[in-house]
Amino acid sequence: MKTQVRQNITQKLSVIQTTLKAPKKRTNSFGKYKYRAAEDILEAVKPMLAELQCSLLINEELLSTEGGLPIMKSIATLVDSQDSSKSISAIAIVAIDLNSKGMQKPQQFGAASSYGKKYALGNLFLLD
């Protein structure tokens, strides 16, 4: 991947969106479908971030509950390392199912966190 020295943050994001490959390498044995995790996306994008002189931040915020169901907002932000005032973000909103059988509360929040990160990254990088 060749980059121009003076790309702005939108151009850098465009390079990532058009060249990032994060295949669905994992298989859900119960549902018999392929999927990718947030970790797979992060592994694929890290070399591009270094080359494009960007960093990636992922933040989460617990929002007020809707009908007793906690809502988590995940925000993926691409930041230009050459000018940290320039950034682009995408969000994902997920509900935390507190009635998941076989899961304790930390696992329920962790599952929602992983899911939200994956979808925020997918929204930012235009992954299907």
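The values are calculated or read from the model by the stated rules, or taken from the named source; none is laboratory data. Worth saying up front: this structure is predicted, and the values here are computed from it rather than measured. Cβ placement follows ideal geometry from the backbone for every residue including glycine, while neighbour counts extend to all protein chains displayed.
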*For region 56-64, indicate whether the set of residues that are small (Gly, Ala, Ser) and more than 19 Å from Gly122 (Cα to Cα) is non-empty.*
yes
*Between a first residue in region 39-56 that is more than 22 Å from Arg26 (Cβ to Cβ) and at pLDDT 95 or above and a second residue that is of a type in the set (A, V, I, L, M, F, W, C) and not in a helix (DSSP H, G or I), which pairs have beta carbons less than 7 Å apart while being 6 or more apart in sequence or on different chains?*
Leu49/Leu56; Glu51/Met1; Cys54/Leu78; Cys54/Val79; Ser55/Val79
*So which of Glu43, Glu51, Glu60 ends up being surrounded by fewer than 16 Cβ atoms within 10 Å (Cβ to Cβ) and within 17 Å of the chain's Cα centre (by Cα)?*
Glu43
*Determine, yes or no, whether Leu49 is touching a Ser or Thr at 6+ places or on another chain (Cβ under 7 Å), assigned to a helix (DSSP H, G or I) and either among the small types (Gly, Ala, Ser) or under 16 Å from Lys117 (Cβ atoms) (or both).*
yes
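Would you mind finding the one in Ile96, Ile71, Ile91 that is modelled with pLDDT of 95 or more and buried (at least 16 other Cβ atoms within 10 Å of the Cβ)?
Ile91
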*From Ser81, Ser114, Ser29, which residue is touching a residue at least 24 places away in the same chain (Cβ under 8 Å), of a type outside the set (A, V, I, L, M, F, W, C), over 18 Å from Ser14 (Cα atoms) and surrounded by fewer than 17 Cβ atoms within 10 Å (Cβ to Cβ)?*
Ser114
*Does region 98-121 include one or more residues that are part of a loop (DSSP other than H, G, I, E, B), within 19 Å of the chain's Cα centre (by Cα) and not acidic (Asp, Glu)?*
no
